[in-house]
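Here's the structure we're looking at; comments come further down.
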Amino acid sequence: MAHLFVPGPVDVAPEVAQAQTKPMLPHRSPEFEALFHACEQRARALFFTQYRVFISASSGTGFQEAAVRNLVRPGRRALVGVNGAFGKRWREVAATNGIPVDAVEAPWGQPLRGEAFAAALQARDDYDLVMVVHNETSTGVENPLAEIAAAVRSTRPEALIAVDSVSGLGGARVEMDAWGLDMVFTSGQKALALPPGIALAAVSDRALERAREVPHRGWYFDLLRLEKHRLKDSTPATPAVSLIYALDVQLDRILAEGLENRFARHAAMAQKVQQWALARGFDLFAAEGFRSKTVTTVTNTRQIDIAALNAYLQEHHGMRIANGYGPLKGQTFRIAHMGEIQPADLDALLAAIDAFLQAA
Ligand SMILES: Cc1ncc(COP(=O)(O)O)c(C=O)c1O
């Protein structure tokens, strides 16, 4: 039974947790290389890509940094969509790496739209990279990625598109190749339902070609170095071996469920929480039509004490939800429905919240 309804880290299936206890392997061994190869090949399905997938011993933010370090040539700029905390963070990641960066902004709760990216790309001709957060975990907005990518492709075909789908991938559809995306990354501890500490990034050939023109890509997240080692079924530095055991088991579980079934399960759970919130007199923070499949941000129109609700859920049911993110704390609360969570788990959570509301 799920008990973590927070947007990561999430509950991990017992057999996935158990897989981590297998004896270690040296990473420069044929056994490890075979395992790594099998994981990398199957992981491509998650991204709907024919390209390669890098598996990193880091959380997802590492790949936010990799995108800005590898995909912007000297003298060129990056453009980032900002409609929540994680777009804002990515802008900061670019700026702190010395990458000139501009933003396409939308109010928190509203989606980023293709036409705004097209207008920004028409205004300047020196953008090398467009960065988009697919699923804004801070607001519960799913940005219309296919629309944004199409707008970028038709306005500046030479600009690369990097996507943070840290809290979307595996629960919501991201079709990297069909949508013309160049880099898509995610973290293990969200919709993939792995323990934290592992991140996956799919990268196109075009992106690797661009990286060749960038002299100072750093070391740990140098995409060309990662590629050189991936071609030998390995990594430049020590991989998180136990997490790769877990990934191996979890990939089988995800592909056995089937991605289409998984997307349908997540969409149905999002609907369930949305309907519950509206029926209880709450509002939904994310604009209609752009609501996340993996996390719902409920506007606290009833002004309930969210800390007290969470304390009640923990004490009586061993469950947790998330308060609002940053400036939205107290004004919103977030119910995650990703990874291993099943509709019946949500029914149990919502019944427990109802009991709290009736007692209040
Ligand atoms: C959309 C998004 N991007 C980036 C991050 C940072 O990911 P990590 O903590 O795996 O580095 C998060 C974490 O919640 C996120 O939700």
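The values are calculated or read from the model by the stated rules, or taken from the named source; none is laboratory data. All values derive from a computational prediction rather than experimental measurement. Virtual Cβ from ideal backbone geometry, glycine too; neighbours counted across all protein chains shown. SASA here: full protein model, heavy atoms, side chains in, ligands and nucleic acids out. Shrake-Rupley method; radii C 1.70, N 1.55, O 1.52, S 1.80 Å.
At-a-glance table
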read-out: Potential extension, residue 96-residue 115 segment - 0.36 nm per residue separation minus Cα distance; value: 4.0 nm
read-out: Å² per residue, accessible surface of the chain at 1.4 Å; value: 38
read-out: Members of 190/272; 272/329; 22/232; 190/329; 22/88 lying beyond 30 Å, as alpha-carbon distances in this model show; value: 22/88
read-out: Carbon and sulfur %, accessible surface of the chain computed with the full protein complex present, 1.4 Å; value: 52
read-out: Axial C-alpha extent at least 20 Å, average Kyte-Doolittle at least -1.0 - helices from the chain (DSSP); value: 30-47, 241-257, 259-279, 343-359
read-out: Prolate/oblate/rounded call for segment 201-301, Cα gyration tensor, a/c under 1.5 rounded; value: prolate
read-out: Relative contact order of segment 14-255, pairs being alpha-carbon contacts under 8 Å that are 6 or more residues apart, as %; value: 28
read-out: Where trypsin sites (Lys or Arg not before Pro) fall in DSSP loop in segment 170-265, at most 13 other Cβ within 10 Å; value: 212, 232
read-out: Förster radius 22 Å - calculated FRET efficiency between residue 275 and residue 307, Cβ distance, rounded to 0.05; value: 0.30
read-out: Prolate/oblate/rounded label for the chain (Cα gyration tensor, a/c 1.5); value: oblate
read-out: Chymotrypsin sites (Phe, Trp or Tyr not before Pro) restricted to DSSP loop in segment 176-246 with at most 16 other C-beta within 10 Å; value: 219, 220
read-out: Rounded to whole Hz, the Karplus (6.51, -1.76, 1.60) HN-Hα couplings of segment 2-7, x for glycine and proline; value: 5, 10, 9, 9, 9, x
read-out: Per DSSP, loop GluC sites (Glu not before Pro) in segment 234-320 with at most 13 further Cβ within 10 Å; value: 288
read-out: The chain, helix-only ellipticity at 222 nm - DSSP H runs n ≥ 4, -39,500 (n - 2.57), divided by all residues, nearest 500; value: -13000 deg cm²/dmol
read-out: In nm, spacing of pseudo-spin labels at residue 205 and residue 33 (7 Å Cα→C-beta vector); value: 2.5
read-out: Separation in nanometres of the label points that stand 7 Å from Cα toward Cβ, at residue 50 and residue 268; value: 3.4
